[in-house]
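In what follows, a single structure is set out as structure tokens and then discussed.
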Amino acid sequence: MTPDIKPLVAGNWKMNGQREQLDQLALIARGASNPISEKVDIVVCPPTTLLYVATTFSEDTPLGVGAQDCHAQAGGAHTGDISAEMIKDCMAQYCIVGHSERRTDHGESDSDVYQKTLACWRAGLTAIICIGETEAEYDAGQAEAVLARQLQHSIPDGANERNTIIAYEPVWAIGTGKTPSPEDVGNIHQFLRDAVVERFQGPGERMRILYGGSVKPANAAEMMKVSNVDGALVGGASLKADDFLAICAVYSGM
Ligand code: 13P
């Protein structure tokens with residue numbers, strides 16, 4: 001963690017969840033209430049089909065809601081896409097951009113992610129910008145070079161602690177049960193902190209840098225202790241309220 005930064009734990013449901021999953025969402029909304037919400041911000045990013053109903057569930061609770069992607073344009077002839085303005089209109093507050101699954105499955109480039117981040121800001125959403133190296137890049141010792149490039153080209157000037165959250169997700173740790181050692185995570189997060197402070201000065205010092213990739217209740221505590229880890233982006237373990245709330249509890253220090 002970083003002193004003076006309130007941690008944030010976000011659940012990315014990916015392409016999982018139909019209406020019956022709303023039971024879990026209701027439990028998360030209830031569990032996210034005081035006193036835990038004073039110590040940690042909690043966000044769920046359900047699939048778009050559940051976005052609006054999710055915000056009605058979270059209304060009057062501290063639970064934040066986000067989308068998993070947006071189009072760069074505000075509207076127009078883009079069949080199947082949704083704009084940041086539509087996400088905002090669903091009363092969501094966050095949007096994940098540049099997740100490695102979007103980069104891989106949809107060929108999204110850093111400049112696409114940059115444009116989507118601008119779209120989030122235009123609509124008044126906080127962008128959760130994902131970066132991370134592949135296993136081959138990690139093995140080749142290129143992780144820092146890859147991350148530096150993604151940071152530089154995915155994040156527009158003007159990023160600050162309110163409009164931007166960075167999520168470091170090593171691609172090889174996503175959904176695999178493998179995680180980097182806390183020492184490796186510490187080194188990478190220090191590298192990322194130095195890079196955002198150099199570029200954004202004060203706001204870079206206050207920006208949250210999340211770790212994501214096989215975060216579970218069992219390993220949350222060791223990651224939480226690592227300096228410059230200001231929360232978690234959780235995939236599979238966010239689908240079950242008990243597991244997700246256990247991770248949130250770890251980050252709350254309660
Ligand atoms: P898992 O927690 O399932 O590894 O997924 C991580 C992730 O991609 C969150 O965005």
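Inspect segment 168-182 for any residue being surrounded by fewer than 12 Cβ atoms within 10 Å (Cβ to Cβ) and within 21 Å of ILE96 (Cα to Cα) and give the result as yes or no.
Taking segment 168-182 as the starting set, the residues that turn out to be surrounded by fewer than 12 Cβ atoms within 10 Å (Cβ to Cβ) are 177, 181.
Cutting the leftovers down to within 21 Å of ILE96 (Cα to Cα) gives us none.
Looking through segment 168-182, none of the residues is surrounded by fewer than 12 Cβ atoms within 10 Å (Cβ to Cβ) and within 21 Å of ILE96 (Cα to Cα).
Which residues, taken from segment 86-111, are in a helix (DSSP H, G or I), touching a helix residue (DSSP H, G or I) at 6+ places or on another chain (Cβ under 9 Å) and surrounded by fewer than 19 Cβ atoms within 10 Å (Cβ to Cβ)?
LYS88, ASP89, ARG102, THR104, ASP110, SER111
So that you can scan it fast, the table gives a plain yes or no per residue for (1) away from the ligand (no atom under 16 Å from the Cβ); (2) over 16 Å from the mean Cα position of the chain (by Cα); (3) of a type in the set (Phe, Trp, Tyr):
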{"residue": "GLN73", "(1), (2), (3)": "yes, yes, no"}
{"residue": "HIS106", "(1), (2), (3)": "no, yes, no"}
{"residue": "SER109", "(1), (2), (3)": "yes, yes, no"}
{"residue": "GLY132", "(1), (2), (3)": "no, no, no"}
{"residue": "ALA145", "(1), (2), (3)": "yes, yes, no"}
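Quick one: how many residues across segment 112-148 are in a helix (DSSP H, G or I) and loosely packed, with under 14 Cβ neighbours inside 10 Å? Break it down stepwise before answering.
Quick first cut of segment 112-148, residues in a helix (DSSP H, G or I) only: 112-123, 135-139, 143-148.
Within this subset, residues satisfying the condition of being loosely packed, with under 14 Cβ neighbours inside 10 Å are 135-136, 139, 145.
Adding up the residues that qualify gives 4.
Being under 15 Å from the mean Cα position of the chain (by Cα), more than 24 Å from ASP4 (Cα to Cα) and at pLDDT 95 or above narrows it down to one residue among GLY231, GLY213; which is it? Show your work before the answer.
Numbers: GLY231 fails: more than 24 Å from ASP4 (Cα to Cα).
Answer to the check: GLY213.
I'd like to know if segment 191-209 contains one or more residues that are within 12 Å of the ligand (Cβ to nearest atom), part of a helix (DSSP H, G or I) and at pLDDT 95 or above.
Applying the first criterion (within 12 Å of the ligand (Cβ to nearest atom)) to segment 191-209 yields none.
Scanning segment 191-209, I find no residue that is within 12 Å of the ligand (Cβ to nearest atom), part of a helix (DSSP H, G or I) and at pLDDT 95 or above, so the answer is no.
Give me the pairs, please: first residue somewhere in segment 229-243 and closer than 11 Å to SER214 by Cα, second residue anywhere and assigned to a loop (DSSP other than H, G, I, E, B) and within 6 Å of the ligand (Cβ to nearest atom), beta-carbon distance under 7 Å, and either six or more positions apart or on two chains.
Pairs that qualify, where the first residue is closer than 11 Å to SER214 by Cα and the partner is assigned to a loop (DSSP other than H, G, I, E, B) and within 6 Å of the ligand (Cβ to nearest atom), are ALA232/VAL215; LEU233/GLU169; VAL234/VAL215; GLY235/ILE174; GLY235/GLY175; GLY236/GLY175; ALA237/VAL215.
Looking at segment 210-228, which of the residues that are more than 12 Å from the ligand (Cβ to nearest atom) and in contact (Cβ under 8 Å) with a residue 40 or more places away in the chain is surrounded by the most Cβ atoms within 10 Å (Cβ to Cβ)?
Here is the first cut: in segment 210-228, the residues more than 12 Å from the ligand (Cβ to nearest atom) are 218, 221-222, 224-228.
Now drop any that are not in contact (Cβ under 8 Å) with a residue 40 or more places away in the chain, which leaves 222, 224-228.
Values: GLU222: 14, MET224: 23, LYS225: 12, VAL226: 20, SER227: 13, ASN228: 21.
In this case the residue turns out to be MET224.
Any residue that is out of contact with any helix residue (DSSP H, G or I) (no Cβ under 8 Å at 6 or more places or on another chain) and either at pLDDT below 95 or away from the ligand (no atom under 16 Å from the Cβ) (or both) - is there at least one of those in segment 9-16?
No - not one qualifying residue is present in segment 9-16.
State yes or no: is GLU144 out of contact with any Gly (no Cβ under 6 Å at 6 or more places or on another chain) and over 24 Å from ILE42 (Cβ atoms)?
On the way: out of contact with any Gly (no Cβ under 6 Å at 6 or more places or on another chain): yes; over 24 Å from ILE42 (Cβ atoms): yes.
Criteria met by GLU144.
The values are calculated or read from the model by the stated rules, or taken from the named source; none is laboratory data. For clarity, every value in this text was computed on a predicted model and none was experimentally measured. We place every Cβ from the backbone using ideal geometry, glycine too, and count neighbours over all the protein chains shown.
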